[in-house]
Amino acid sequence: GCVLVVSVIEQLAQWHNSTVKAAMERLCNYIPGKYQIMCHMLCCIARKMNADVVCHSLKLCKQDPGQPLCHLYPPPKVSWFSTFFKTTDCGTSFKLELNSSYFMGFSSICTFPLLANLCEKIKYVMRNKLPFEDFDGDKFSTFPTLRGYHWRGRDCNDKNTTVYPGRRPDNWDAKSDSNCNGIWGVDPKDGIPYEEKFCKGADSQGVVLLGDSAGAHFHIPPEWMTVTRMSAKSFANLPMAFSNEFDWPQFSEITGFLNSTIGGWTDSLYLRLRKRNRCNHRDLQNISQNACFHINIAAYLSFSLARNQLLDNPAIVICATIGNDVCNGNRDTLAHMTTPKEMLSNVMQALRYLDTRLPNGSHVILTGLVDGRFLWDNLHDRYHPLGQLNSDVTYSQIYSFLDCLQVSPCSGWLTPNETLRNLTSERALQLSNVLKEIARSEKFANFDIFYMDFPLRQTAEEWRKMGGEPWQLIEPVDGFHPSQIAAALGTSITWQKALHEWPQVLGKENPFNDQIEAIFKDQGGH
């Protein structure tokens with residue numbers, strides 16, 4: 001983190017032909033409110049100092065005994081700790097290492113007093129996958145971030161635990177909106193509740209994603225690191241991104257519902273189900289987790305899933321941990337990958353639990369793992385946003401830097417070692433075959449089960465037909481996750497497959513959709 005921030009500051013100074021001190025002040029002015037405390041950590045940097053030198057000297061980066069020296073830029077010829085501040089930038093001349101004691105207590109941004117409380121909230125929601133602001137405890141919220149309604153349908157009464165998205169209507173919602181789909185009351189013309197008239201027999205169902213960081217839609221805006229595009233507007237979304245764990249589920253492939261503000265467009269399984277049946281409004285849950293290792297889905301399902309087998313509508317559950325079972329940042333990455341035997345045990349445990357929680361008539365779709373060789377093949381020799389100004393940092397260098405630090409999102413695929421990339425894809429295929437066999441052979445009481453390959457190849461082909469390049473399907477900053485374009489195109493491909501192969505999963509089209517929308521329009525859209 002330090003190396004990235006210092007690199008941006010140095011490039012801002014270069015781009016605006018200013019001192020580094022002026023560049024840092026510029027960056028701090030871009031960053032909103034209390035988050036400015038993070039940029040004041042680095043008070044003095046000499047104009048031509050290497051970012052690695054600065055961060056090691058401040059002891060925000062370190063070299064453990066017996067470990068290689070991790071650096072993003074070529075090491076300077078002089079000793080790393082003999083560099084002096086320039087008088088013109090800092091008003092004094094002293095060794096950089098002498099100033100490092102000030103920063104020793106700030107090895108994490110969460111140690112800053114102004115951010116400590118927010119960090120505790122984030123730790124809570126990351127641990128439990130539940131909304132922090134949930135006054136009635138029904139696992140739904142009226143607050144957008146901190147696992148609120150960006151992740152789950154918005155609660156319409158956070159003081160009543162029996163009112164939440166996805167439940168079957170209470171007495172056809174004649175008096176109030178118990179399922180938060182906006183349809184309630186009685187038609188004065190015939191005395192029939194609107195919910196009964198429009199939604200009875202309509203196969204209403206929700207969508208639930210059990211996923212990893214790709215499903216959560218991890219994204220770091222490239223304008224945060226591209227000085228030629230940087231302005232105060234670039235960081236306007238920082239508070240929202242920070243309190244959403246740098247995920248953007250509101251634009252994601254499965255549960256997206258807002259127009260994208262991060263490029264591309266939003267298309268999601270939820271939006272298509274809602275368009276097919278307006279009674280499905282707000283019935284969504286994104287239970288995904290950022291991680292660099294395999295996820296035991298069953299372990300956090302019991303805390304996070306909001307579905308009552310007796311009171312709620314059925315649901316389509318997408319299980320899509322498309323890379324975490326083979327991705328980790330360990331030196332011996334192969335030894336830390338999930339084995340087929342472990343995969344079978346973990347998934348079956350999760351499915352048995354789902355069978356005790358999902359209402360009868362639900363559906364489960366198991367998504368295969370991605371072939372991540374696509375990443376290296378399409379990005380390794382391209383310039384990362386940090387390297388675009390001076391043509392000096394490629395994705396290959398970024399991957400090597402993260403791998404050296406043992407924080408690579410996927411050491412098996414983000415590597416120049418072709419043999420290792422192939423072995424990682426081989427394990428991914430083995431695990432996908434486990435999922436395929438489960439879908440073929442296992443039966444459950446309350447849901448049917450399907451398998452589909454992750455549609456990366458079809459997505460790339462479709463994007464090429466539209467005039468795009470394959471690298472545009474990958475997040476530019478992390479060089480690992482699917483981009484907004486990939487998410488939207490993936491939705492279209494998945495939907496077409498479901499229409500042709502599993503039409504029963506999607507439910508029938510509600511013939512009253514136009515009438516529902518007309519009434520909403522007449523009532524001012526409420």
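The values are calculated or read from the model by the stated rules, or taken from the named source; none is laboratory data. Keep in mind that this is a model prediction, so the values were computed, not measured. Neighbour counts run over all protein chains shown; Cβ positions are idealised from the backbone, glycine included. Ligands, DNA and RNA are excluded from the accessible area calculation, which covers all protein heavy atoms including side chains. Shrake-Rupley method; radii C 1.70, N 1.55, O 1.52, S 1.80 Å.
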Euclidean distance of C-alpha centroids, segment 298-337 and segment 456-471, integer Å: 28 Å
How big is the Cα convex hull of segment 413-478 in projection, averaged over all directions, in nm²? 6.9 nm²
Can you give the translational diffusion coefficient of the chain in µm²/s, computed by Stokes-Einstein from the Kirkwood radius over Cα pairs at 25 °C and 0.890 mPa s? 98 µm²/s
Compactness index (Cα Rg / 2.2 N^0.38 Å), segment 332-458: 1.34
Interchain or sequence-distant (5+) residues whose placed amide H lies within less than 5 Å of the amide H of Val186 are Tyr194
Provide the percentage of antiparallel DSSP beta bridges, counting only those with both residues in the chain; round to the nearest 5. 25 percent
Too long for a 27 Å Cα-Cα cut-off, among Lys129/Lys197; Lys497/Lys521; Lys34/Lys123, are Lys129/Lys197; Lys497/Lys521
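Can you quote the Å³ per residue value for the convex hull of the Cα atoms in segment 305-376, rounded to an integer?
So the per-residue Cα hull volume is 109 Å³.
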Can you pull the one-decimal nm distance between simple spin-label points at Arg464 and Thr356, each 7 Å off the Cα toward Cβ? 4.8 nm
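Quick one: pull the percent of accessible area on the chain belonging to carbon and sulfur, 1.4 Å probe, ligands and nucleic acids left out.
Roughly 54 percent, rounded to a whole number.
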Quick check: Cα centre of segment 117-149 to Cα centre of segment 360-382, how many Å? 28 Å
Cα shape, segment 390-512, gyration tensor, a/c 1.5 rule: oblate
Working out 0.36 nm times the residue gap between Leu405 and Glu517, then minus their Cα-Cα distance, what length gain in nm do you get to one decimal? 35.0 nm
Taking the Cα atoms of segment 238-287, report the difference between the largest and smallest coordinate on each principal axis, in whole Å and largest first. 35, 23, 13
List the residue ranges in the chain for DSSP H helices whose C-alpha atoms run 27 angstrom or more along the long axis and whose Kyte-Doolittle average is -0.5 or above. 418-441
Per the helix-only calculation at 222 nm, which mean residue ellipticity applies to the chain, given -39500 (n - 2.57) for every DSSP H run of n ≥ 4 and division by its residues, nearest 500 deg cm²/dmol? -10500 deg cm²/dmol
Accessible area (Å², per residue) of segment 113-247, counting only protein heavy atoms and a probe of 1.4 Å: 41 Å²
Ordering of 215-223, 384-392 by packing [mean C-beta count within 10 Å, highest first]: 215-223, 384-392
Post the alpha-carbon centroid distance, segment 411-450 to segment 212-291, in whole angstrom. 26 Å
Quick one: which of 141-151, 125-135, 369-379 comes out on top by average Cβ neighbours within 10 Å, and what's the full order, highest first? 141-151, 369-379, 125-135
Assuming R0 = 60 Å, can you tell me the calculated FRET efficiency for the pair Gln309 and Asn17, based on Cβ-Cβ distance, to the nearest 0.05? 0.40
